[in-house]
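Working notes for the structure below.
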Amino acid sequence: MSVLVTESRLADPDQTYRALIEAHRGLPDEDSAALNSRLVLILANHIGEHAVLQEAIALANQSMEPKDASE
Amino acid sequence: MNTRKVLYQFGYRRCPDQDRPSPAQHPVVVVGAGPVGLCTAIDLAQRGIPVVLLDDADRIGEGSRGICYAKRTLEILDRLGAAHPCLEKGVTWKIGKVFQNNDLLYAFDLLPEDGHKMPAFINLQQYYLEHALVERAAALPYLEIRWRNKVVDLKRRNDGATLTVETPEGPYDLDAEWVVAADGARSALRTMLGLEFKGEVFEDRFLIADVRMKGSFPSERWFWFDPPFHDGHSALLHKQPDDVWRIDLQLGPDADVKAEQTPERVMPRLRQMLGHDDFSLEWVSVYTFQCRRLERFVHGRVVFVGDAAHQVSPFGARGANSGIQDADNLAWKLAFIINGEAPERLIESYDIERSAAADENIGHSTRSTDFIAPRSAQELRFRDATLSLARHAPFAKRMVNSGRLSMPSTYDTPLSTPDADPWSGSARLGAPLPDAPMRDRSGQPIWLLEAIGGEETILHIPNGAQPPTGSRVLIIGDDLIDEHGFFAQRFDASPGSTYLVRPDQHLAARWRHAPPSLIENASRRLKGFEGDRA
C-alpha cells in the first residue's frame, strides 16, 4: 500500500502552478470553488487509494492550524 | 519625491559628420547608451568593427534602477573588459531567504559549487555599471559615443538605414549598414517603425525605495510574504554598495502613485519595516510593470535589443541581465556578417535564440508575479495554501515563488550540431560553457572562459591521433592544464573529446571522436552556412 508523497514530483512546479491559476482566471469566486471541488474529486479518483486520500486530508488540515500551534 | 542626482556628466561635442555635405557611412550605429547599448558597442569595437553610439542624454544617474547582475552577465562583462570595477564595487551574494510573517520558510544557495571565476550575483547600482562601461568604451579606438544625439527619424533601405539625428547645434543625417536599437522600454525607434509591443499588463503597484543606513542585515536577498510590518503584502530587502539598501514594497492595485511617493507616506512604512529611523532616502519610485515583447527582433537591418525588444517584471533580475545577453548574442554575428565571414541570414539566429530567451524570461517573471501579486480571492487562496503547506510538505516549498533568478538560456538553435554521443556533466549543448579553473602553458592560473575569450574555439583532449585544425584549437593538458579535474568533470571529457565553442562561449558541438569533416561542418553551421550542406 502506498503512502502520500510530499516530496516534489513535478518537473516544473511553476508551470503546474500557472496552469491552476489560468484555469481560474476570470471566474467568479463561486465558480472557482465549484471548479476546485471538481478538481479534487477527479484527482482523488486518480489517486485511487482511500488511505492516501486520508493522509492528504490530514496534511491539509494540519496546515490549516494557526501557525503557533503547528510548531 | 524622486531624488534624481546627476552622478556622471558627459559633454556634447560637435563631430565631423555634422559638417559633411552628404551623410557619413558607418557599418553600425547603436542607439541608446544604457547597459545593453554600451555592451553591444563595446563587443563590436573589440571585434574590430567601428561603432557610433548615440544617446539623447548626456549624463548617468537617475536612481539605482537595475541592481542585480547574474553570473553569466558578469562573465560577459569580463570578456568586455568591464567586470573588474563592478566586482570591486558590487556586493557579492548568493543566499536568498524567504519569510512568511516572521518565520523563515526556506533559504536557497544560488551557487553551491566552487571553481567559477564569477559569483552567483552581485548587487550594484546601475549607474556604477554604466560608468564602468563608459570608461571601457572610452578606451576603445573603434568606438565613438555621441552624447545629446537624438535620433528623430529613421529611413530603412535594403542595405541599411538613414538616421536623422538632432543635436544642440541642429540635425544631421547618418547612413548605417546596421542599426542596433537599444533605446529602452519606450524605444523611439520601435515607434518610428510602427511596431507593436504586445503582452500582459499587471495592475499591482510597487514602491521602490533605496535607503542609506548602517544596517546589520547580511548580504542576502530577503523576501517576505505578508510581513508583520507590511500587512497583507510582500516586501524585499537587498543590499547595495555604499550602505544603500533596496526596499521593494507591494502596494496593491489601488495605490495612489503620487501620494505613495511622498515622504509622509514613505518614511512611516520604512520605519515600521526597519524598526528605526536612522536612515536617509536615496531614491523613491512607484512602478507598475508589463511583460511584453516585439514579435520579431530583427527588421531588415534594424535589430532590437534589451528593453526595446522585450520587457519583463523586475522579479528575477531578468531585465538588464537578459539585455546584456542579447548584446552578447548579437555582436559576434554582426561582426561576422560585416566582415563577410558569415552570410547575412546568420542574423535570423539572433531572432530565434533571443526570442526564445525572451519568452522564457517573460514566462518566469509572469509566474512569479502570479504568486507575488494574486489577482483574485481564489488566486490568493492558492498562494496562501502553498505558503501554509510549505511548512509541512517539501513539494509546496518548491512551489513558493518569490522570483526565479536569472539563469542563462540554453539555445535550441539551428547553429548547434545535435549530439551524436551521450554526455553527462554540466556542459549542455547550446548553453554557455561552465567555467573551470585551469593553468596555462607557463603554469599561470587562468579561467577557462578567460582563455576562450570571444573567439570561436575548439577544445580537444588528446588521444594520440592528429589534433583537430581549423579555428583556434586549445589542447587540454597542453595549452590548458586541468589541474583539479573540474574541466573533465563538467565537460564529461575523455581522450578524444572535442568541443566547438561559439564566439559567445556557448557550446555549438561536441564529439567523443571527431573526424575533421564533422568539425568543419559544425563550424560552418555555427556561422549560418546551413543551406549548402544538402
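Filter region A:11-26 down to residues that are within 7 Å of another protein chain (Cβ to nearest Cβ) and either touching an Asp or Glu at 6+ places or on another chain (Cβ under 8 Å) or aliphatic (A, V, I, L, M) (or both) and give me whichever is farthest from B:A390 (Cα to Cα).
Across region A:11-26, the extreme among qualifying residues is A:H24.
In region B:52-71, how many residues are more than 28 Å from B:L189 (Cα to Cα) and surrounded by fewer than 22 Cβ atoms within 10 Å (Cβ to Cβ)?
0
Within region B:509-529, identify whether any single residue is closer than 17 Å to B:D412 by Cα, touching a Ser or Thr at 6+ places or on another chain (Cβ under 7 Å) and assigned to a loop (DSSP other than H, G, I, E, B), and answer yes or no.
Yes, because at least one residue in region B:509-529 is closer than 17 Å to B:D412 by Cα, touching a Ser or Thr at 6+ places or on another chain (Cβ under 7 Å) and assigned to a loop (DSSP other than H, G, I, E, B).
Residues that are in contact with a helix residue (DSSP H, G or I) (Cβ under 6 Å, 6 or more places away or on another chain) and buried (at least 21 other Cβ atoms within 10 Å of the Cβ): does region B:419-426 have at least one?
No, every residue in region B:419-426 fails to be in contact with a helix residue (DSSP H, G or I) (Cβ under 6 Å, 6 or more places away or on another chain) and buried (at least 21 other Cβ atoms within 10 Å of the Cβ).
For region B:487-496, indicate whether the set of residues that are part of a helix (DSSP H, G or I) and among the hydrophobic types (A, V, I, L, M, F, W, C) is non-empty. I'd like the intermediate steps shown before the answer.
Step one: filter region B:487-496 for residues part of a helix (DSSP H, G or I), giving B:487-490.
Right, trim to among the hydrophobic types (A, V, I, L, M, F, W, C) and you get B:487-488.
Looking for residues that are part of a helix (DSSP H, G or I) and among the hydrophobic types (A, V, I, L, M, F, W, C), one finds at least one in region B:487-496, hence yes.
For region B:355-373, indicate whether the set of residues that are farther than 23 Å from B:V312 by Cα, surrounded by 20 or more Cβ atoms within 10 Å (Cβ to Cβ) and either within 11 Å of chain A (Cβ to nearest Cβ) or touching a residue at least 40 places away in the same chain (Cβ under 8 Å) (or both) is non-empty.
Checked region B:355-373: no residue is farther than 23 Å from B:V312 by Cα, surrounded by 20 or more Cβ atoms within 10 Å (Cβ to Cβ) and either within 11 Å of chain A (Cβ to nearest Cβ) or touching a residue at least 40 places away in the same chain (Cβ under 8 Å) (or both).
Hey, B:W332 hits all of (1) in a loop (DSSP other than H, G, I, E, B); (2) out of contact with any helix residue (DSSP H, G or I) (no Cβ under 7 Å at 6 or more places or on another chain) but one; which does it fall short on?
The one condition B:W332 does not meet is (1).
What pairs come up if the first residue lies in region A:30-54 and is within 14 Å of another protein chain (Cβ to nearest Cβ) and surrounded by 12 or more Cβ atoms within 10 Å (Cβ to Cβ), the second is of a type outside the set (F, W, Y) and assigned to a helix (DSSP H, G or I), and their beta carbons are under 6 Å apart, counting only those six or more places apart or on different chains?
A:S32/A:H24; A:S32/B:Q378
Mind listing just one residue for me: the one in region A:1-10 that is of a type in the set (V, I, T) and at the interface with chain B (Cβ under 9 Å from one of its Cβ atoms) and, of those, surrounded by the fewest Cβ atoms within 10 Å (Cβ to Cβ)?
For region A:1-10, the residue satisfying everything is A:V5.
Filter region B:399-446 down to the residues that are assigned to a loop (DSSP other than H, G, I, E, B), away from every other protein chain (no Cβ under 14 Å) and basic (K, R) and list them by number.
Once the filter is applied, which keeps residues that are assigned to a loop (DSSP other than H, G, I, E, B), away from every other protein chain (no Cβ under 14 Å) and basic (K, R), region B:399-446 yields B:R428, B:R441.
Taken together, the values in this text are just the output of simple stated rules run on the coordinates, not laboratory data. This one's a predicted model, so the numbers in the text were calculated from it and none came from an experiment. Don't worry about glycine lacking a Cβ; one is built from the backbone with ideal geometry, like all the others, and counts go over all protein chains shown.
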